[in-house]
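Here is the structure we will look at.
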Amino acid sequence: MNPFSSGTRLRDMIRAIRACKTAAEERAVVRKECAAIRAAVSDNDQEYRHRNLAKLMFIHMLGYPTHFGQMECLKLIASAGFPEKRIGYLGLMLLLDERQEVLMLVTNSLKQDLNHSNQYIVGLALCALGNICSAEMARDLAPEVERLLQSRDPNIKKKAALCSIRIVRKVPDLAENFMSPAAALLKEKHHGVLIAGVQLCTDLCKASSEALGYLRKNCTEGSVRILRDVSNSSYAPEYDISGITDPFLHIRVLKLMRMLGQGDVDASEFINDILAQVATKIESNKNAGNAILYECVETIMGIEATGGLRVLAINILGRFLSNRDNNIRYVALNMLMKSVVVDSQAMQRHRTTILECVKDSDASIRKRALELVCLLVNDTNVKPLTKELIDYLEVSDEEFKGDLTEKICSIVERFSSEKLWYIDQMLKILSEAGNHVKDEVWHSLIVVISNAADLQGYTVRSLYKAFQTSSLQVGLVRVALWCIGEYGEMLVNGAGMLAAEEPVTVTESDAIDVVEVALKSHSSDITIRAMSLIALLKLSSRFPPTSERIRELIIQHKGNFELELQQRSIEFNNIIQKHKNIQSSLVERMPVLDESTYVGRKATDVPAVKPSKANLSGTSLNLQNGVTKPPAASMGDLLDLSSDDVPATKSSTSDFLQDLLGIDLGTPVPSGSAFSGGSDILMDLLSIGSPIPNDSSPPNSVSSSVANSSAVALDKFSSLTSTSSSLSSEALTIDPLRGIEQIIRSPPSTAPIVDLLDGLSNHVSVSGSEKPDFPAITAFESNSLKIAFSFTKLPGRQHDTQIKATFTNKSSNEYTDFIFQAAVPKFIQLHLDPASSSTLPASGKGSITQTLSVTNSQHGQKPLAMRVRMAYKVNNQDLLEQGQITSFPPGL
Amino acid sequence: MIHFVLLLSRQGKVRLTKWYSPYAQKERSKVIRELSGVILARGPKLCNFVEWRGFKVVYRRYASLYFCMCIDAEDNELEVLEIIHHFVEILDRYFGSVCELDLIFNFHKAYYILDEILIAGELQESSKKAVARIIAAQDSLVDTAKEQASSLSNMIAQATK
């Protein structure tokens, strides 16, 4: 005897595994057994093959890999004896599935066994085929199965019928071959054959319309007869389940009748009577009876039944709904969902019961009932229903709140004709379950608030009150922050008081307290903090006396690790400190958000069931486009800037950089803005010069590297990047920020554009000599413009050069809004001082000077190189010139 | 259609699995883990249906064992409860008041029985007697084959003595 073949019996192995106390022990036992089985497999051991396979099946059930046993199954199936075949087929069904190629090898054995003289072996083969056959096998073996449908043995016949179901499901084209044998099966007496036959007919109806037509013609009568016989049959102990003969057969025939009667008046009429009989006769005190009634109701609803029959069905459902058994209530709710289209009036009668089911302790029932309630809502009942649901929100389970909130929000939005009601309900939802409210939902709330001028005061005061009690609900906090920022003064002066409103006294510092709490709360995320900063900035202008306190709050974040917060903190601090004159116009109230644009956009977003984050940010950014009614013209211009951003922000982050650069192509240069060219030139450089650096790195790293080098000119770039990537929901507040940034930069500012350019060096010849003085050069000259560079070097600082650029206008027109921009290779650092003026008089009657500080980190190895670009306006027309400077004197 | 049948012990141990729709090995263990988490956690008075990935899982507890069947959303849940009970009754008759240990040590027999009740995820036989008859006939076929084999080896043993 083979020394490797394991001596343990199946029983002993199971016992050994069960005796294991730890998972590691179990693994050890299994490993040992598997090793023994593998050895036996490679030795081609025959004696214990079936025992080994049985062991493998057990091991497989425990979740261990057993692929090495697959071939053993095939060998056992190919052997002659019944016991081997039996275990072989079992192993085949357990260890393999239809997607394994090994399965194809078994086709031949199956074919032989399907033609075997022993009916049990045929049965085994049919069973295996029915459970795991693939489409290819189905095609190959369909003729055998078809032949077996005509077998005299009921055991073979029913198995062949079920096997045909699998074949037709895999290869619907074969349906036509099976329709006439299937119809013949309905004439049988044996219940097993009938059940399988009826099921086969149902599947054929689903698979092919031709089969449906054929069976409708040939089987409608037969199915009615089967149902009548089984329903009228006297007590049959073999098939009896709680007083009903063969409920399984009942149900299957009812299902087939649904297929036959669907959309066909004649067939429906033919089965009406028997359905009525079943619906009235079956007792509903046991599960089996209810199962039949349930199927019967579904069939009545599915076919072209008479009105009386429908009433009968609805009444059965009503009875189900008031049943104390949860199972029955569950199926009733399920069924009502389907019939709500058929007869919504009858459903309304059960509204209270359904509403009770929403509060059930059973999650399955709650979920069904909630969906049903949403279908039942209409104009007349929306208010009481919403009230009930919101009341329940307070006490519901935490895990159910998400679903519930979503549904209530959708109801409230759907019926939001009354703004006050809508706002009230939304505030209630936000204070109860603000953490579960989706971003789109509170965004649209803000759109509505912004449109409801007469309710803004009321809303902000209600939010203030709600915040006192629910300051941990994210959604509420966000909306509150936005509103307090926008409508802070209404909070204090009580403007727009509604008749029913309870007055509150809020001081300016109370309002700031709220924002401070939100800003400092440990549970606040970056979005809330960012929104808080915006709100503070806005309040600083609404409540001038508090601006020092606000500045102190804001400045605390100047060292924040989050770039977005840090940047806002620094910028806002600057605005408050240095730009009092423009501050109030900067933080003017947001223009009214256009509802129709927003609604339209929402509608187009609907098909994407769950918008991805990128998508979301696109959506919310889109909001800016909605601004079509700017109250202040200057603001409007700035907001319009972003109109081309939208498609780009939807794209994936890896090509974000590219996209962002692309965006600016379509952006009009705003008057008096020095910065937008900053990214323009970058874009140029990137697209002309070299493959895009940082292409694959995440956008944040790009923006931070830019920001760290104290770049101001690229701020838009970075703010866009970080905003879109990390602050999808933040977009509502972006607009003012955007405007601010631009204005901050209006004073022509420094533009160190670094790190993004290389590959210019090869245009320049290397020079080894060093001179203390450098001749001035004409760096750039065109028909309209001349730039001269003169150089000074500070003693002892070889790397640094001061370049004084002088711009002269050669044309006869005055240039306005003149902006000079420059970019240098990576190894050079560039600092631009403000220009002496932005207006260049005509015909060389004056000039602009600007100082550039250049640090060449590879001094002596690589010469200076620079690309320049000049943007200006002639008679209000934008003009652009650019060039490359390689004629720097050697040694710089 | 029944997509799979699952027998779970109260501790979440798998006692029987039968897949009528293709699920890869990894997917299978994931499904089992997910469902045992959901089903074993449900209280006794709740309904026997769990909505899961667009399907419904009908389960019923017998002593320490949960019998679960996954069906399409539009299938008749109440009937599946009856199918489960049908299966349990047949097991009970075959083993003579079946317990979890029977199903552990004779798991292959439980599979044989299931194969006589369901094929392709559809019910095959509504008569418990018919199932019992077919199983008995096949068992006796196996016994005869075994006897023959042992008598054959006896004869060989005697001949070579």
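The C-beta contact set for region A:41-65 (first residue touching a residue at least 40 places away in the same chain (Cβ under 8 Å) and over 19 Å from A:R11 (Cα atoms), second residue buried (at least 22 other Cβ atoms within 10 Å of the Cβ) and of a type outside the set (F, W, Y), distance under 9 angstrom, 6+ apart or interchain) comprises A:D45/A:N52. The criterion of being closer than 28 Å to A:R324 by Cα and either within 10 Å of another protein chain (Cβ to nearest Cβ) or among the aromatic types (F, W, Y) (or both) does not hold for B:W19.
Within the bounds of region A:279-295, is there any residue that is in contact (Cβ under 8 Å) with a residue 24 or more places away in the chain and in contact with a Cys (Cβ under 9 Å, 6 or more places away or on another chain)? Scanning region A:279-295, I find at least one residue that is in contact (Cβ under 8 Å) with a residue 24 or more places away in the chain and in contact with a Cys (Cβ under 9 Å, 6 or more places away or on another chain), so the answer is yes. Just wondering, is there one or more residues in region A:301-315 that are within 11 Å of chain B (Cβ to nearest Cβ) and modelled with pLDDT under 90? So far as region A:301-315 goes, yes, one or more of its residues are within 11 Å of chain B (Cβ to nearest Cβ) and modelled with pLDDT under 90.
Is it true that A:P775 is buried (at least 21 other Cβ atoms within 10 Å of the Cβ), assigned to a loop (DSSP other than H, G, I, E, B) and either over 42 Å from the mean Cα position of the chain (by Cα) or modelled with pLDDT of 85 or more (or both)? Here the answer is no, as A:P775 does not meet what is asked. Of everything in region A:89-107 that is within 12 Å of another protein chain (Cβ to nearest Cβ) and farther than 17 Å from B:E27 by Cα, the residue that is nearest to the chain's Cα centre (by Cα) is A:L103. So is A:C163 in a helix (DSSP H, G or I), more than 20 Å from B:V131 (Cα to Cα) and of a type outside the set (G, A, S) or not? So A:C163 fails the test.
When A:A24, A:A78, A:A19 are checked against the criterion of being among the small types (G, A, S), surrounded by 14 or more Cβ atoms within 10 Å (Cβ to Cβ), out of contact with any strand residue (DSSP E or B) (no Cβ under 8 Å at 6 or more places or on another chain) and more than 11 Å from chain B (Cβ to nearest Cβ), A:A78 stands alone in meeting it.
The residue pairs whose first member lies in region A:514-526 and is of a type in the set (G, A, S), whose second member is not in a helix (DSSP H, G or I), and whose beta carbons are closer than 9 Å, counting only pairs six or more residues apart or on different chains, are A:A518/A:S471; A:A518/A:S524; A:S521/A:S471; A:S521/A:L472; A:S523/A:S471; A:S523/A:L472. Taken as a whole, region A:237-256 holds no residue that is more than 10 Å from every other protein chain (Cβ to nearest Cβ), in a helix (DSSP H, G or I), over 25 Å from A:I156 (Cβ atoms) and among the aliphatic types (A, V, I, L, M).
Please determine whether any residue of region B:55-63 is more than 7 Å from every other protein chain (Cβ to nearest Cβ), more than 12 Å from the chain's Cα centre (by Cα) and over 30 Å from A:L370 (Cβ atoms).
Yes, there is a match, as at least one residue in region B:55-63 is more than 7 Å from every other protein chain (Cβ to nearest Cβ), more than 12 Å from the chain's Cα centre (by Cα) and over 30 Å from A:L370 (Cβ atoms).
Filtering region A:264-284 for residues that are crowded, with 23+ Cβ neighbours inside 10 Å and of a type in the set (S, T, Y) leaves a non-empty set.
Of the residues A:S509, A:S540, A:S523, A:S532, the single one that is within 40 Å of the chain's Cα centre (by Cα) and exposed (fewer than 15 other Cβ atoms within 10 Å of the Cβ) is A:S523. Could you look through region B:95-111, keep only residues that are in contact with a Phe, Trp or Tyr (Cβ under 9 Å, 6 or more places away or on another chain) and more than 28 Å from B:W52 (Cβ to Cβ), and pick out the one that is nearest to the other protein chains (Cβ to nearest Cβ)? Ranking the candidates gives B:H108 first.
Please enumerate the residues belonging to region A:532-553 that are in contact (Cβ under 8 Å) with a residue 24 or more places away in the chain and either under 16 Å from A:E588 (Cα atoms) or touching a strand residue (DSSP E or B) at 6+ places or on another chain (Cβ under 7 Å) (or both).
If the condition is that a residue be in contact (Cβ under 8 Å) with a residue 24 or more places away in the chain and either under 16 Å from A:E588 (Cα atoms) or touching a strand residue (DSSP E or B) at 6+ places or on another chain (Cβ under 7 Å) (or both), then A:L533, A:I534, A:A535, A:L536, A:L537, A:K538, A:L539, A:S540, A:S541, A:R542, A:F543, A:S547 are the ones that fit.
What's the number of the condition B:E77 fails, among (1) surrounded by fewer than 21 Cβ atoms within 10 Å (Cβ to Cβ); (2) within 28 Å of B:K13 (Cβ to Cβ); (3) modelled with pLDDT of 90 or more; (4) within 11 Å of chain A (Cβ to nearest Cβ)? Condition not satisfied by B:E77: (1).
Quick one: how many residues across region A:110-146 are buried (at least 22 other Cβ atoms within 10 Å of the Cβ), more than 12 Å from chain B (Cβ to nearest Cβ) and of a type outside the set (A, V, I, L, M)? Total meeting the criteria: 1. Determine whether region A:826-837 contains at least one residue that is of a type in the set (A, V, I, L, M, F, W, C), more than 20 Å from A:L892 (Cα to Cα) and in a loop (DSSP other than H, G, I, E, B). Yes, region A:826-837 has at least one match.
The values are calculated or read from the model by the stated rules, or taken from the named source; none is laboratory data. Values in this document were obtained by computation on a predicted structure and should not be read as measured data. Note: ideal-geometry Cβ built from the backbone for every residue, glycine included; neighbour counts use all protein chains shown.
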